[in-house]
Structure formats: structure tokens, C-alpha cells
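Structure first, then comments.
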Amino acid sequence: MICFNPKLNLETHLHKKAVFATFAPVFYRTFILFFNNRLIMRHYEVNFVVNPVLSGDEVKATAENIQKEITGAGASIVHADEMGLRQLAYPINKRSTGYYYCIEFACEASEWLVKFELNLKRNENLLRFLTVKLDKYGIKYNDDKRKGLIGTRSKKKEASASASAPAPAAIIDDKEIEAVLAPEVIDLDV
Amino acid sequence: MAASREDVKFLSNPKLGLRGKKYCRFRKFGIKYIDYKDSDFLIQFINEQGKLLPRRITGNSLKYQRRVATAVKRARHLAILPFVADLMK
């Protein structure tokens, strides 16, 4: 129903205005804090492949140097993942393997990243590197992966598959062997 | 006497129409992030030569096809996936 009483209407309007005026600073403060936290803290991920010709200590030293550079620039390391020696999909500088590292870090300013990438480029111990900015889903994915939420289902499937697999596989092998042997016998007879 | 199904000869494969409609797996299962380090997952979106499969075949939506493409390209740069290959699968 439409309210025809102007007095009442004005009163409610004034009341709303008063409530907003008293709480306005609180609203704005929370708003600014929320966006400051969200916009300025950014997550990045740097991957690099270390030359396998180096000794184990040298490989670790190069990885530590890079981590020191990250922390020295005011960024906090969220997680440093050492994936170890892996086969490359194609040879790089006549090397077919490499030590993979993946470091996730959070920082407020991003200007130093240009310099950081230049340093990685100049580093002769590295075969490859890649710096990626993570979106909110990427951060969540990495977090879940560390907790072990991702990939558990497929592992269970694999485990059940491997448990049931050996018996049929053996039977198939026997049949194949028979099939292979049979023609030879016939050939010998002829 | 009714002819059994084995006796009937079809002009085209009768199983052709039975295949379900293609769908975007990212939208269906709510996958929001594609990990470029996970080569076992990305291998589903490339062919034997290491080329990206088209949307026509994988059924991905445009948004996630683009993300798959960037993920595969990142993986290639890090030598997780090859640029060119023969008989990958």
C-alpha cells in the first residue's frame, strides 16, 4: 500500500539517513581493508629446471639462492616444491634430464619481478624457467594439492585397477604365448 | 520365424547413434584451474603428434579450451610436454 502520510515518510527517511551516517566510517573502513588485502597480496609461482650436470650440492645451492632472492625482495614463500630429477620431453642444450623446482610465493609489490626474471635468465645453471601469476582458483588448487585432496581419487582407482589387473593379465599372456608357439610347430611339421 | 539380430545386415553401424552428447568436462565437474605441470591430465587434449585437439573433438567450452591451450603451451616451454612427437600415446 502507498503511504499517504508525509510526516511518517519523512521520519523513516531521516532515521535511515541517521543510521547510515553513524555507521558510514565503519563501512568504508571495512571496504578499504577488504580490497587492500585482496588486491595487493598476489600469489606467483616460479618453475625452473636446473642443469643435471651439476653436483647435488650445487643444484641445491642454486635453488636456495633463488629462494633467498625471493625472500630478500620482501615476498613470503608459501611452498617450495622439489620435484627432483625428471626426464625432459625434448633435449635442451643436449641434456635430456633436469631437476625441477616449483616455488609458490606471495608478495605485495611486483616491480622486482622484472629484475628477478632477468637474474634467472642470466643464471647459467638453469635450463628453463617460468613465472606464472596465480588466480584465486590456482591458489585454491595448490592449497588442496598440498593437503592431498587432489589426485586421491585417481590413485584409489589405480590401486584397485592394479589389484584386479595381475590375474587377467597373466591369463592373456598364456594365451598369447600359445598363439605364438602354435604356428611355429606347424611350420616345423611341414 | 523371427530373424535374430545377427542375421540382419545394417547399411551403417547401428552403434553410431548411441553415443551420448559431448560435454565440457570442466563445466560438468566444476574444474576451475588447469594445472600445467600435470602432464597426465593434459595428454588427453593433444593428439599423437603432440598437437592440440580441437574443441570439436574434446567438447570443451571456449573458455576452458583457451585455458587448456595456455596450459599446454606452458608445459611445452618447461619440457613437460613435447612440441613435436611421433606416437606419443
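The values are calculated or read from the model by the stated rules, or taken from the named source; none is laboratory data. Bear in mind the structure is a predicted one, so any value in this text is a computation, not a measurement. Methodologically, a virtual Cβ is constructed for each residue, glycine included, from the backbone with ideal geometry; neighbour enumeration extends over all protein chains shown. Each accessible area value is taken on the protein alone, full model and side chains, heavy atoms only, with ligands, DNA and RNA left out. Shrake-Rupley method; radii C 1.70, N 1.55, O 1.52, S 1.80 Å.
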Go through the range B:28-47 and give me each residue that's within 14 Å of another protein chain (Cβ to nearest Cβ) and either under 20 Å from A:LEU88 (Cβ atoms) or not in a loop (DSSP other than H, G, I, E, B) (or both).
-> B:PHE29, B:ASP35, B:TYR36, B:LYS37, B:ASP38, B:SER39, B:ASP40, B:PHE41, B:LEU42, B:ILE43, B:GLN44, B:ILE46
Return the residue satisfying two criteria in turn: it lies in the range A:50-83 and is assigned to a strand (DSSP E or B) and more than 23 Å from B:MET88 (Cβ to Cβ), and of such residues it is nearest to the other protein chains (Cβ to nearest Cβ).
-> A:ASP81
Would you check which residues across the range B:67-82 are within 19 Å of A:PRO91 (Cβ to Cβ), of a type outside the set (Val, Ile, Thr) and in contact with a helix residue (DSSP H, G or I) (Cβ under 9 Å, 6 or more places away or on another chain) and list them?
-> B:ALA75, B:LEU81, B:PRO82
Within the range A:95-146, considering residues that are among the basic types (Lys, Arg), assigned to a strand (DSSP E or B) and over 30 Å from B:GLY30 (Cα atoms), the one nearest to the other protein chains (Cβ to nearest Cβ) = A:ARG128
For the range B:48-68, enumerate the residues that are in contact (Cβ under 8 Å) with a residue 40 or more places away in the chain and open to solvent by less than 60 Å² (accessible area, probe 1.4 Å).
-> B:TYR64
Residue set B:VAL84, B:VAL72; condition in contact (Cβ under 8 Å) with a residue 24 or more places away in the chain, β-branched (Val, Ile, Thr), within 14 Å of chain A (Cβ to nearest Cβ) and open to solvent by 80 Å² or more (accessible area, probe 1.4 Å); output residue B:VAL84
Matching entry among B:ASP7, B:ASP38 (being under 16 Å from A:GLY138 (Cα atoms), open to solvent by 20 Å² or more (accessible area, probe 1.4 Å) and modelled with pLDDT under 95) | B:ASP38
